Amino acid sequence: MVRSRLLTVRVVATLATIMVAASVGAQVEVQKPQPTVPEVYTIQGQFTRIAYNNEGWVTLGYRTANDSQGTDWMLLEAGVTIRKPYPSQTMTRESFSVKLPDGSMVPLASQRDYQEAGSLRALNARGNVARDSINYFPVEANQACAMRFFSDPAASRALSFDQFELSLQRACLGRLFFKLPEGKTIEPGQYWMVVTFGGGTIEVPFRIMTEEEEKYLKKNWKDLKKEHEAFLKSEAERARQQQ
């Protein structure tokens, strides 16, 4: 399993606040996300996020969601595992939801809704065009497994399942689909993918960006990354001096 060194950033991280130049020349400040549960979240790439606590670990890719603004179906690429010393547990559809910018919650869609939407072939195709790796897990999670909440009935031998087993060794990946309530579509703002484990919840922040925000992030990503690494280095040094 391929792994990259994680860029660990706590909720005070500098990368979480993005200053973007608006078309009118003014600067718009995007406030850093504030989880409502104890956790650490990381920024692994422009559209890749990781969040974890003592019990669980969640990876998220949301490039397709960002590219689907104005539509009412959201596709998220996700991965989950359990951390030491927590026992194995069963994850179900009810374990996954999305919090919208207005605070309302959207549950994971059912296979029936997915099928009635034509298995969302256009959305799936869009997700296949540009995919970011979310294959970032603790070293113990070395057995790949699939989250198969959704399947295309037109595909041969396709099966969907309402649950899967999660353990310390299993790194489970899959696509998650959310049907937004009537009258709502994907719009710029702060979203959260909420994953409920046996002993608690993880909230993975992700921002649907305006065109100006996305342009700024793409243009300045390397500089922001360097700034963030310098921030981490200074924080580590300060912690060492306090020991």
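The values are calculated or read from the model by the stated rules, or taken from the named source; none is laboratory data. Everything quoted here is computed from the prediction, not taken from an experiment. Here the Cβ positions follow ideal geometry from the backbone for every residue, glycine too, while neighbour counts run over all protein chains shown. With ligands, DNA and RNA removed, areas are computed over all heavy atoms of the protein, side chains included. Shrake-Rupley method; radii C 1.70, N 1.55, O 1.52, S 1.80 Å.
Couple of notes before you dig in:
- Checking R131 against (1) over 26 Å from N54 (Cα atoms); (2) more than 18 Å from the chain's Cα centre (by Cα); (3) of a type outside the set (V, I, T), the condition it does not meet: (2)
- Among residues of the range 212-223, those that are open to solvent by 20 Å² or more (accessible area, probe 1.4 Å) and under 20 Å from the mean Cα position of the chain (by Cα), counted: 3
- Subset of the range 126-137 [over 13 Å from G79 (Cα atoms), of a type outside the set (A, V, I, L, M, F, W, C) and touching a residue at least 24 places away in the same chain (Cβ under 8 Å)]: R126, G127, R131
- Condition check for E140: out of contact with any Gly (no Cβ under 6 Å at 6 or more places or on another chain), within 22 Å of E39 (Cα to Cα), acidic (D, E) and free of Cβ contacts under 8 Å to residues at least 60 places away in the same chain: yes
- Count of the range 61-72 residues, restricted to those that are in contact with a strand residue (DSSP E or B) (Cβ under 8 Å, 6 or more places away or on another chain) and either open to solvent by less than 30 Å² (accessible area, probe 1.4 Å) or β-branched (V, I, T) (or both), is 6.
Let's see how each residue does on (1) in a loop (DSSP other than H, G, I, E, B); (2) over 30 Å from E213 (Cβ atoms); (3) more than 19 Å from the chain's Cα centre (by Cα):
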| position | (1), (2), (3) |
| --- | --- |
| E165 | no, yes, yes |
| A171 | no, yes, no |
| G174 | no, no, no |
| F178 | no, no, no |
| G183 | yes, no, yes |
| V195 | no, no, no |
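- The lone exception for A146 - which of (1) under 21 Å from the mean Cα position of the chain (by Cα); (2) buried (at least 18 other Cβ atoms within 10 Å of the Cβ) it fails: (2)
- Meets criteria (among the charged types (D, E, K, R), out of contact with any Cys (no Cβ under 8 Å at 6 or more places or on another chain), in contact (Cβ under 8 Å) with a residue 60 or more places away in the chain and closer than 17 Å to E182 by Cβ) for D72: yes
Residues checked against (1) surrounded by fewer than 13 Cβ atoms within 10 Å (Cβ to Cβ); (2) more than 28 Å from S167 (Cβ to Cβ):
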| residue | (1), (2) |
| --- | --- |
| Y86 | no, no |
| F96 | no, no |
| L100 | no, yes |
| M105 | yes, no |
| Y114 | no, no |
| L123 | no, yes |
| N128 | yes, yes |
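- Considered as a group, the residues in the range 168-199 that are surrounded by fewer than 17 Cβ atoms within 10 Å (Cβ to Cβ) and hydroxyl-bearing (S, T, Y) include one that is nearest to D67 (Cα to Cα), and that residue is T185.
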